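Beneath this line is the structure, given in structure tokens, with notes to follow.
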Amino acid sequence: MKLQERSYSTKVLRPKPLIHSEDDGSLIVIATSWGQPEHAQRALDEVVKYVNAAKADVEVTSPFEFLTCLTDEVNYVRTAVLIANDMLYRSENRTQYFSGVEILALFKRGPQVAYAQVGCPSLLLQRNRQKLQPLSMGVDLSSELTETVGSLPPLPGQLLGLDPTCSIQCGHTYVREGDQLVLLACPSVATSLWTRDAYQADLGDITNRMIQESPNTPFWLGLVAV
């Protein structure tokens, strides 16, 4: 997997995510801190450490159950995110909230891409010569109040590390050459993404059309060639 990414900010800022990408393209982790920036790095490091150990068949222990309804690869990223949540909660937020983290982990093995997500960015799939298909959506709570009070700064709907338990969206999909994953942290999915043709994969062009459509809305956009 190979990631191209772009951030766009206005007078309203959206925190820029930290990104880890393995040299062999097997693992991409995107973590965004709402609070202390170093907490996103710590969560990201926990996910990378566990997934790399698990995929190398190193014997790793975890207090979290492997779910038989999920593939091994999905269990790897799901468990890694749960470990990161537990670490952040116990070390930082047990008595007082300091930071929350949005995170998305993508792990590719063969034709399968497994994902685990808390908050944004949303994950969408564009198969070769087909239209965009949502896989896992992150909710920005500012979109729920826009009609009543106008445009609002970004407000994450789910965060890692605020509670001992954690709601994780996870699953997998199978990809072929020419497919592309679209990662988006924004209150809504721009019309220009839904309507673009499958061959239009230029990050700059997509970014410019999104800005023209909604110039006052900050966003982060990533395109992953699989």
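Between Arg94 and Gln212, what's the calculated FRET efficiency when r is the beta-carbon distance and R0 is 30 Å? Round to 0.05.
Working: r = 45 Å, r/R0 = 1.51.
Using R0 = 30 Å, I get an efficiency of 0.10.
Quick check on segment 9-53: take the gyration tensor over C-alpha atoms, sort the square-rooted eigenvalues as a ≥ b ≥ c, and tell me if it's rounded (a/c under 1.5), prolate or oblate. Show your work: numbers first, answer last.
Numbers: a/c = 4.64, a/b = 1.85, b/c = 2.51.
Oblate, since a/c reaches 1.5 and b/c is not below a/b.
5 Å is the cut-off here: which amide hydrogens, built 1.01 Å from N in the peptide plane, fall below it relative to Leu135, excluding neighbours closer than 5 in sequence?
Leu123, Leu124, Leu125
Under 21 Å Cα to Cα from Lys131, which lysines show up? Leave out anything in the same chain fewer than 8 places away.
Reachable lysines: Lys2.
Is the C-alpha gyration tensor of segment 68-133 telling us rounded, prolate or oblate? Criteria: a/c under 1.5 is rounded; beyond that, a/b larger than b/c is prolate, otherwise oblate. Don't skip to the answer; put the middle values down first.
Details: a/c = 3.99, a/b = 1.82, b/c = 2.20.
Here segment 68-133 falls in the oblate category.
Would you compute, from DSSP H runs of 4+ residues alone, the mean residue ellipticity of the chain at 222 nm, taking -39500 (n - 2.57) per run and dividing by the full residue count, rounded to the nearest 500? Can you show the working numbers first?
Working: 5 runs with 56 residues, N = 226.
That comes out to -7500 deg cm²/dmol.
Quick one: P(r) of segment 1-131 from all Cα-Cα pairs, 5 Å bins, percents rounded to integers, in order of increasing distance.
In order of increasing distance, the bins hold 2, 10, 19, 22, 19, 14, 9, 4, 1, 0, 0 percent.
What is the chain's relative contact order, in percent, from Cα pairs under 8 angstrom and six or more apart in sequence? Spell out each step's value before the answer.
Values: 476 pairs, mean separation 59.0, N = 226.
Once divided by the residue count of the chain, the mean separation gives 26 percent.
Counting alpha carbon pairs within less than 8 Å and at least 6 residues apart, what relative contact order, in whole percent, applies to segment 49-172?
On the way: 194 pairs, mean separation 35.1, N = 124.
Relative contact order for segment 49-172 comes out at 28 percent.
State to the nearest 20 debye the size of the charge dipole of the chain about its Cα centre, where the only charges are +1 on K and R beta carbons and -1 on D and E beta carbons. Don't jump to the answer; show the numbers that get you there.
Details: 19 positive and 25 negative charges, 84 e Å.
Dipole size: approximately 400 debye.
Residues of segment 118-133 with amide nitrogen under 17 Å from the 7 Å Cα-to-Cβ point of Leu203?
121-124, 126
Only one of the values [x] 17.2, 53; [y] 19.7, 81; [z] 18.4, 62 was calculated from this structure for Rg and Dmax of the Cα atoms in Å; name its label.
[x]
Measure off, as a whole percent, the carbon and sulfur share of the 1.4 Å-probe accessible area of the chain, all protein chains present.
Values: 5490 of 11030 Å².
Result for the chain: 50 percent of the exposed heavy-atom area is carbon or sulfur.
Any idea of Glu92's accessible area? Nearest 10 Å², probe 1.4 Å.
40 Å²
Can you tell me the convex hull volume per residue for segment 51-94, based on C-alpha atoms, in Å³ to the nearest whole number? Before the final figure, lay out each step's value.
On the way: hull volume 3.4 nm³, N = 44.
Once divided by residue count, the hull of segment 51-94 is 78 Å³.
Considering only protein heavy atoms, what is the solvent-accessible area of Ser122 at a probe of 1.4 Å, reported in Å² to the nearest 10?
Ignoring ligands and nucleic acids, Ser122 comes out at about 10 Å².
Per residue, how much accessible area does the chain have with a 1.4 Å probe, in Å²? Before the final figure, lay out the partial values.
Working: 11030 Å² over 226 residues.
Averaged over the residues of the chain, the accessible area is 49 Å².
The values are calculated or read from the model by the stated rules, or taken from the named source; none is laboratory data. Since the model is a prediction, treat every value here as computed from it, not as a measurement. No Cβ is skipped: glycine too gets one built from the backbone with ideal geometry, and neighbour counts run over all protein chains shown. Side chains included, ligands, DNA and RNA excluded: accessible areas come from the protein's heavy atoms. Shrake-Rupley method; radii C 1.70, N 1.55, O 1.52, S 1.80 Å.
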